[in-house]
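To start, the structure itself, in structure tokens.
Any read-out appearing in this document is the output of simple, stated calculations on the displayed coordinates, not a laboratory observation. This structure is a prediction, so every number in the text was calculated from the model and none was measured. All Cβ positions, even for glycine, are placed from backbone atoms using ideal geometry, and neighbour counts span all protein chains on display.
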Number of protein chains: 2
Amino acid sequence: MREFVKVNEAIEDYLKTIYNIQDEHGKVSTTMLAKQMNIAPSSATGMIKKLARLNLVTYEPYRGIQLTSHGRKVALEVLRHHRLIELYLVEALGMRWDEVHHEAEKLEHVISKSLIERIDSYLGHPAVDPHGAPIPDRHGKVESTPGVKLADLKSGQCGVVSEVNDRDSEMLRYLAELGIFPNARIKVLNIAPFQGPMSISIEGEERLIWIELAKSIFVKLLPENTEGCRDNQQKNKNVSDNL
Amino acid sequence: MREFVKVNEAIEDYLKTIYNIQDEHGKVSTTMLAKQMNIAPSSATGMIKKLARLNLVTYEPYRGIQLTSHGRKVALEVLRHHRLIELYLVEALGMRWDEVHHEAEKLEHVISKSLIERIDSYLGHPAVDPHGAPIPDRHGKVESTPGVKLADLKSGQCGVVSEVNDRDSEMLRYLAELGIFPNARIKVLNIAPFQGPMSISIEGEERLIWIELAKSIFVKLLPENTEGCRDNQQKNKNVSDNL
DNA sequence: TCTCATTTTTAGGTGCACCTAAATCCAGTT
DNA sequence: AACTGGATTTAGGTGCACCTAAAAATGAGA
Ligand SMILES: [Mn+2]
Ligand SMILES: [Mn+2]
Ligand SMILES: [Mn+2]
Ligand SMILES: [Mn+2]
């Protein structure tokens, strides 16, 4: 039950990935972990054993894994680093939102506590990163804003974009082109059957997006009689500058 | 003679260290390298062979090593990263000059070309880092400002501090207390014999410093009849804010 | 020219994070 | 209850950057 395990970059990346899978799918299997991390399943098994030995996950062979509270804490620290760094790079250095994930992926492991706190202060203790993901606080508290997939809306429904997947930078560039970023208002006009494209309206513009893409976009549903749901004006000023 | 070798963190640190030793002592021996890097001499031999295989150094067993032009280029890139990062952390995030070396030591290896250029622009393409070390430009050009060790001045001589060693953060805190940083004017009042302390005047204040410490401080010699050499006023505003 | 302390290399490890191939387990049919 | 395909673990590697101990080369002084 030792509190201070020395955690290296590999361990941090595993824990972060485990956290994300657990967050999205509930349970974490060896194969899912291996797939996300682009390693062979046997490599994942090896590392899982190590994480279990370090009390960072609980592991029952063949039954999957779960973060311990300590493992969760470490994961949230890394996530905090990642998201603060992303936002800092956008806000302070004018990087594009499709560049910062890759950069943060490395920086998150090497930045000191002291530097991360300075960045947090500089940004005014922000709540979300440039892609809408919540930033855990210094003590490991996060408010997970669930939201629904845009793909799950019915035609006629409206939502405010809350978060988009940040891993695919080509996709992010495309979304920016469409005007889709956190706080943008979207109305679903029409959904073609059989996995067809979805027709939506953003800022008055009608657009077609592939249904698979709509699964990477999370929105907060708005009541259908909302004023904004009719005319789709959109007051987002946050990220739109940096595209 | 391939131009694009994949260079990892270990290699970068070796090349940087080799560059520094070469800069200071002319030639680079296995033992000196091992000592600087805190590794066993046999480990250095191993890595040297690898660097030679990659055409980053020339190596004749038992005779020491030398950077190739390609190795030198990589070393200067890392040094550029290191120094720009140090300055950025001081200027943009208000870190103290004794904190930034440690931080830069990690960041230098993981920051992208694109980010480093943004940092360089933000800072206005600066010439020196917070400790007075010259920053190589994007193409690997450096102006090595030689300067002399403060320890080598005779009593009565004056100089402007050009650079201080940045590795020992305790020393840097002490120097800041004394008012010694780049651009500070120093007059040597008296030198006690037999490695004794040196009495100097900084900003009108008289101070005693250990001769060993004076070997880590580089100055540009001023003619003895310089106006500033008499009254020691000092107009430095750069780094003095961040102590 | 020989001697010997110092420098440097060689020999033979270690732990780490990964791999492929081969076993083994598991769960949902038949 | 036996079968079977997919998931998972085990077995046996690799390359990397480090280590200690031992051997070999160097070069400065006798
Ligand atoms: Mn990472
Ligand atoms: Mn993000
Ligand atoms: Mn380094
Ligand atoms: Mn420096």
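List of remarks:
- For region B:74-112, filtered to residues that are in a loop (DSSP other than H, G, I, E, B) and among the acidic types (Asp, Glu), the residue that is nearest to the other protein chains (Cβ to nearest Cβ) is B:GLU99.
Yes or no, residue by residue, for (1) away from chain A (no Cβ under 14 Å); (2) of a type in the set (A, V, I, L, M, F, W, C):
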site: B:SER114; (1), (2): no, no
site: B:GLU117; (1), (2): no, no
site: B:PRO134; (1), (2): yes, no
site: B:VAL142; (1), (2): yes, yes
site: B:LYS149; (1), (2): yes, no
site: B:LYS154; (1), (2): yes, no
site: B:CYS158; (1), (2): yes, yes
site: B:ARG167; (1), (2): yes, no
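- Among the candidates A:HIS82, A:HIS109, A:HIS139, A:HIS70, residue that is under 26 Å from A:ILE217 (Cα atoms) and either within 16 Å of DNA strand D (Cβ to nearest atom) or not β-branched (Val, Ile, Thr) (or both): A:HIS82
- Residues that are out of contact with any helix residue (DSSP H, G or I) (no Cβ under 8 Å at 6 or more places or on another chain), under 28 Å from B:ILE135 (Cβ atoms) and not in a helix (DSSP H, G or I) within region B:41-73 comprise just one, B:THR68.
- Residue identified as among the aromatic types (Phe, Trp, Tyr) and crowded, with 22+ Cβ neighbours inside 10 Å among B:TYR19, B:TYR59, B:TYR14: B:TYR14
- All of (1) under 23 Å from A:HIS25 (Cα atoms); (2) more than 14 Å from chain B (Cβ to nearest Cβ); (3) buried (at least 16 other Cβ atoms within 10 Å of the Cβ) hold for A:PRO130 with one exception: (1).
- Of all residues making up region B:3-40, the number that are outside any helix (DSSP H, G or I) and within 12 Å of DNA strand C (Cβ to nearest atom): 5
- Search result, residues across region A:189-198 that are within 20 Å of A:GLY147 (Cα to Cα) and surrounded by fewer than 21 Cβ atoms within 10 Å (Cβ to Cβ): A:LEU189, A:ILE191
- Counting only residues that are buried (at least 20 other Cβ atoms within 10 Å of the Cβ) and away from ligand 1 (no atom under 16 Å from the Cβ), region B:104-117 holds 2 of them.
- Restricting the first member to region A:171-185 and to residues that are within 14 Å of A:PRO130 (Cα to Cα), and the second to residues that are of a type in the set (A, V, I, L, M, F, W, C) and in a helix (DSSP H, G or I), the beta-carbon pairs closer than 7 Å and six or more apart or on different chains are A:PHE181/A:LEU175.
- If you filter region A:62-106 down to residues that are away from ligand 2 (no atom under 12 Å from the Cβ) and basic (Lys, Arg), you find that the one that is farthest from A:GLY124 (Cα to Cα) is A:ARG63.
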